[in-house]
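Each remark here refers to the structure printed beneath this line.
The values are calculated or read from the model by the stated rules, or taken from the named source; none is laboratory data. These numbers were taken from a predicted model, which means no experiment stands behind them. Every residue, glycine as well, gets a Cβ built from its backbone with ideal geometry; the counts of neighbours run over all protein chains shown.
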Amino acid sequence: MPGNPSGTLPPRTATRRAAGPAPGRRGASGSAPRRRGNGLFVLASLLPALVLFAVFMVVPTLNVFRMSFYTWSGFSPDMRFVGLDNFTALLDDAQFVRAFQNTVALLVVVTVVTMGTGLFLAAVMTRQRLRGRSLYRFVLYVPSVLSVVVIAAIFSAVFDQENGLINGTLQALSLDGLRQVWLGDQDLVLWSVAIAMVWQSLGYYMVLYMAGMASIPEDVYEASALDGASPVRQFFAITLPLIWQNLRTTLTFFVMSAVNLSFVLVRAMTGGGPDGSSEVLLSYMYKQAYTNSSYGYGMAIGVVIFAFSFLVSLLVSRATRREPLQF
Amino acid sequence: MRRSLVLASAAITALGLLTGCAAEGDGQDSGTTTLSVAALEGGYGRDMYTKVIQAYERAHPGVDVQLQISKSIEDEITPNMKAGRFPDVVVLGQGRKAALTETLIKDKALEDLTPVLQAKVPGEDKTVGDKLIEGIVGNLNTNPYGDGKTYTMPMYYAPTGLFYNKGLFDKKGWKVPATWDEMFELGEKAKKDDVALFTYPTAGYLDSYFFSLLADIGGEQFYTDVMTYKQGVWRTPQARQALDLTARLLKYAAPTTVGYANEQDFTKNQQSVLDNKALFMPNGTWIVGEMADAPRADGFAWGLTPLPAVTEGGKRYITTSVESVWVPAAAKNKDAARDFVAYLYSDEAAKIFAASDAIQPIEGVAGSLTEENAEFYKVYEDPSVAALVGGFASTAPVKGVDIKATLFDTANSVISGDKTLDQWQTALHEASEKLRQAGG
């Protein structure tokens with residue numbers, strides 16, 4: 001694994017790396033009290049962050065793992081150790097399996113669509129000098145600063161089965177046969193949520209990719225153009241390899257944030273309905289842990305989510321590993 | 001010198017960040033009792049609570065009542081409760097999404113309030129039990145373990161049933177159906193006028209519908225059997241009849257029902273009644289306030305009817321929603337809490353509550369109602385109609401089993417044809433058996 005996670009600016013990183021050890025070496029040759037003073041100071045500066053990290057991240061996470069072996073309603077002092085019971089029960093829980101399937105489907109579809117479209121739009125906006133591109137960029141970026149409640153309200157208006165944006169447009173175009181009950185049809189509701197997820201995150205990732213692409217020197221493109229490379233060829237031979245590290249990082253981020261985003265959107269838009277058909281792992285965990293008073297069972301679902309996200313991130317990271325290219 | 005200054009300030013910053021977590025004062029040594037009361041801010045508003053508390057504090061100078069009130073009170077008090085700091089009195093009913101009351105009942109974490117029933121109302125001669133209307137305590141709602149002990153006190157009660165537009169019935173010359181046969185006849189008639197017979201805001205609103213229907217079909221004993229998960233109860237012909245009737249009714253559901261049956265859009269289903277697109281929906285008296293600003297058809301007037309009778313002249317039950325007040329077993333000031341709860345049933349407090357349309361189950365209070373509300377409470381006057389209180393009995397939590405979701409949410413799938421009646425019945429049977437084994 002190369003030491004440079006972003007990969008977009010190798011030359012500068014290389015300088016930093018070379019310069020890095022210098023102060024340390026100077027410190028080593030300096031007087032002993034001075035070094036200890038530095039160490040203390042560094043420790044004191046790090047301490048608040050470390051304490052906060054431990055209190056708010058490490059301890060709760062460990063607690064999730066511990067609680068998943070217990071039966072507990074959430075309030076009583078009455079906790080019972082049940083070993084792996086919670087996990088074996090998960091296998092027989094049809095609703096859990098359905099939530100898992102929904103989560104995987106959302107993760108795959110939304111990731112592919114968002115990443116693909118984000119890359120495409122970023123390439124078009126950086127390479128083709130579109131007129132009004134800052135307006136497009138602004139418009140596409142706006143959804144990522146909206147709160148989920150607002151997004152849910154917007155999509156409630158978009159998906160409204162009677163006079164919503166989609167069905168209304170279809171009606172105006174005399175395509176009445178294509179009108180759908182977007183949030184009421186059990187086969188469609190998950191894809192309606194997926195549309196909202198893509199809409200929400202597209203702009204953010206597009207801007208990230210645009211930043212990566214902007215740092216690619218123009219002369220590389222000029223040279224390839226002289227050699228007769230088409231824009232499509234340029235994209236696959238130059239742009240994509242040079243922002244590859246960037247892409248990997250965002251992919252891992254996205255996989256993790258999509259798990260969370262699916263939860264908040266499902267909670268706000270459908271509540272998991274109709275009849276559990278749009279339930280995702282986190283929303284089901286919430287229902288079990290809080291509404292159904294099976295806190296330990298909910299935490300077992302939490303452990304599954306943790307392991308799942310971890311595994312997916314690892315796989316994505318492994319599958320996309322390439323030798324970083326430099327320009 | 002400068003370094004030590006830097007170090008000191010770093011340390012202070014670190015400590016400062018930590019004090020945020022540690023700060024927690026307990027000002028208990030001033031001689032007065034601090035009683036913490038948490039209440040759900042429901043449709044009745046929050047003013048009535050501040051007024052009642054002022055009145056209580058006037059009569060009890062040694063008590064300082066701290067009120068915490070919110071529309072999502074569960075979210076605000078549960079973090080503290082998990083840390084062991086419980087409020088002394090909580091006004092919160094069952095059937096909320098967060099199910100806090102249910103969770104504490106399952107946990108046996110409520111204080112026995114039977115003594116309050118025998119206690120005299122502060123400043124009056126009668127006991128609390130004497131003042132309450134008959135049949136309001138002693139059911140599964142107030143005595144969740146069926147052992148004769150009261151753990152939640154009934155606070156406000158309201159009828160729930162089928163709400164409809166009286167104006168439309170007058171205009172069309174239709175009669176509110178008294179039997180299910182008449183109901184389905186009306187469904188056919190209304191269909192010709194492009195009006196659907198039935199809709200529901202979300203499937204969860206079917207609770208009052210199902211409770212009444214089960215009692216209508218099999219009587220109170222059968223209803224209790226279902227609520228306490230009696231063995232094989234969902235395999236009985238009565239249960240089948242209830243599901244059959246429901247499936248038939250759902251065939252008449254407004255086409256938009258399922259698509260709007262979510263948290264975001266449920267008011268659109270309610271709107272369809274206001275717009276004369278659907279005739280009946282199960283709901284509660286809060287609907288009047290909830291839809292007060294919504295546009296409506298000309299001549300619209302809210303009406304409330306119990307479910308039609310299964311056989312002509314048969315007894316009909318009206319599910320009555322009862323908000324509760326309870327004291328957590330882990331509360332610090334239990335004596336003061338019990339006294340405060342008893343005070344909530346005083347004439348003084350009842351008057352303040354009734355002014356906000358919050359009707360307590362105290363004899364004679366329903367007389368002081370506003371006109372629209374009095375109309376709703378009239379359903380109790382029909383001799384063939386009886387009040388039905390309660391809900392599913394509490395059990396130890398069972399992983400992955402939520403019988404309410406199985407009973408109500410499946411309606412969405414029955415309308416869309418994703419599940420059959422047999423699947424519904426089987427799922428209910430399995431859920432009921434699992435809950436019974438967990439100890440009903």
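Could you list, in sequence order, all residues of the range A:266-280 that are farther than 13 Å from A:ASP185 by Cα and buried (at least 24 other Cβ atoms within 10 Å of the Cβ)?
Correct list: A:VAL266, A:MET269, A:GLU279, A:VAL280.
Among the helices (runs of 4 or more DSSP H) confined wholly to the range B:386-440, which include 1 or more residues that are at the interface with another protein chain (Cβ under 9 Å from one of its Cβ atoms) and within 22 Å of the chain's Cα centre (by Cα)?
The helices (runs of 4 or more DSSP H) meeting that bar are B:403-408, B:410-416.
When you scan the range B:144-154, do you find a residue that is over 30 Å from B:ILE352 (Cβ atoms), outside the structural domain of B:TYR260 (by TED's automatic domain parsing) and among the charged types (D, E, K, R), even just one? Even if it seems obvious, please write down each step before you answer.
From the range B:144-154, those over 30 Å from B:ILE352 (Cβ atoms) are B:145-148; that's our starting set.
Checking which are outside the structural domain of B:TYR260 (by TED's automatic domain parsing) leaves us with B:145-148.
Imposing the further condition that a residue be among the charged types (D, E, K, R) reduces the set to B:147.
Checked the range B:144-154: at least one residue is over 30 Å from B:ILE352 (Cβ atoms), outside the structural domain of B:TYR260 (by TED's automatic domain parsing) and among the charged types (D, E, K, R).
Just to verify a result, which residue in the range A:296-327, among those that are more than 16 Å from A:THR61 (Cβ to Cβ) and among the aromatic types (Phe, Trp, Tyr), is modelled with the lowest pLDDT?
A:PHE327
Per-residue answers, yes or no, for (1) at pLDDT 95 or above; (2) more than 10 Å from chain B (Cβ to nearest Cβ); (3) in contact with a Ser or Thr (Cβ under 7 Å, 6 or more places away or on another chain):
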{"position": "A:ASN4", "(1), (2), (3)": "no, yes, yes"}
{"position": "A:PRO10", "(1), (2), (3)": "no, yes, no"}
{"position": "A:PRO21", "(1), (2), (3)": "no, yes, no"}
{"position": "A:ARG34", "(1), (2), (3)": "no, no, no"}
{"position": "A:SER76", "(1), (2), (3)": "no, no, no"}
{"position": "A:PHE81", "(1), (2), (3)": "no, yes, no"}
{"position": "A:ASP85", "(1), (2), (3)": "no, no, no"}
{"position": "A:VAL112", "(1), (2), (3)": "no, yes, no"}
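Could you pull out every one of the helices (runs of 4 or more DSSP H) wholly within the range A:87-180 that has 2 or more residues that are aromatic (Phe, Trp, Tyr)?
Ranges flagged: A:94-127, A:133-141, A:148-159.
Looking only at the range B:264-294, how many residues end up being farther than 20 Å from B:PHE169 by Cβ and surrounded by fewer than 18 Cβ atoms within 10 Å (Cβ to Cβ)? Can you show your working first?
Start the filter on the range B:264-294 by keeping residues that are farther than 20 Å from B:PHE169 by Cβ, which leaves B:264-268, B:284, B:286, B:289-290, B:292-293.
Retained after the next criterion (residues that are surrounded by fewer than 18 Cβ atoms within 10 Å (Cβ to Cβ)): B:267, B:286, B:289-290, B:292-293.
Qualifying residue count, the range B:264-294: 6.
Which condition does A:LEU226 not pass, out of (1) away from chain B (no Cβ under 14 Å); (2) surrounded by 14 or more Cβ atoms within 10 Å (Cβ to Cβ); (3) over 24 Å from B:ALA261 (Cβ atoms); (4) aliphatic (A, V, I, L, M), if it passes all the others?
(2)
So that you can scan it fast, the table gives a plain yes or no per residue for (1) crowded, with 24+ Cβ neighbours inside 10 Å; (2) touching a Ser or Thr at 6+ places or on another chain (Cβ under 8 Å); (3) within 14 Å of chain B (Cβ to nearest Cβ):
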{"residue": "A:TYR284", "(1), (2), (3)": "yes, no, yes"}
{"residue": "A:SER293", "(1), (2), (3)": "yes, yes, yes"}
{"residue": "A:GLY296", "(1), (2), (3)": "yes, yes, yes"}
{"residue": "A:GLY302", "(1), (2), (3)": "no, yes, yes"}
{"residue": "A:PHE310", "(1), (2), (3)": "no, no, no"}
{"residue": "A:ALA319", "(1), (2), (3)": "no, no, no"}
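Here's a check for you: in the range B:165-188, which residue that is without any contact (Cβ under 8 Å) to a residue 40 or more places away in the chain and within 20 Å of B:PHE300 (Cα to Cα) is surrounded by the fewest Cβ atoms within 10 Å (Cβ to Cβ)?
Across the range B:165-188, the extreme among qualifying residues is B:GLY173.
Basic (Lys, Arg) and within 14 Å of chain A (Cβ to nearest Cβ): is that true of B:LYS175 in this structure?
Working: basic (Lys, Arg): yes; within 14 Å of chain A (Cβ to nearest Cβ): no.
So B:LYS175 does not fit the description; no.
Would you pick out the residues in the range A:153-173 that are more than 28 Å from the chain's Cα centre (by Cα) and more than 8 Å from chain B (Cβ to nearest Cβ)? Write out each step before concluding.
To start, the set of residues in the range A:153-173 that are more than 28 Å from the chain's Cα centre (by Cα) comprises A:161-164, A:167-173.
Listed by number, the residues that qualify are A:ASN163, A:GLY164, A:ASN167, A:GLY168, A:THR169, A:LEU170, A:GLN171, A:ALA172, A:LEU173.
This table checks each residue for (1) under 22 Å from B:ILE73 (Cβ atoms); (2) surrounded by fewer than 21 Cβ atoms within 10 Å (Cβ to Cβ).
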{"position": "B:ARG296", "(1), (2)": "no, yes"}
{"position": "B:GLY303", "(1), (2)": "no, yes"}
{"position": "B:THR311", "(1), (2)": "no, yes"}
{"position": "B:VAL325", "(1), (2)": "yes, no"}
{"position": "B:ASN333", "(1), (2)": "yes, yes"}
{"position": "B:GLY364", "(1), (2)": "no, yes"}
{"position": "B:LEU369", "(1), (2)": "no, yes"}
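Consider A:THR291 against the criteria (1) in contact with a Lys or Arg (Cβ under 9 Å, 6 or more places away or on another chain); (2) in contact (Cβ under 8 Å) with a residue 60 or more places away in the chain; (3) not aromatic (Phe, Trp, Tyr): it satisfies all of them except one. Which criterion is unmet?
Result: A:THR291 fails condition (2) only.
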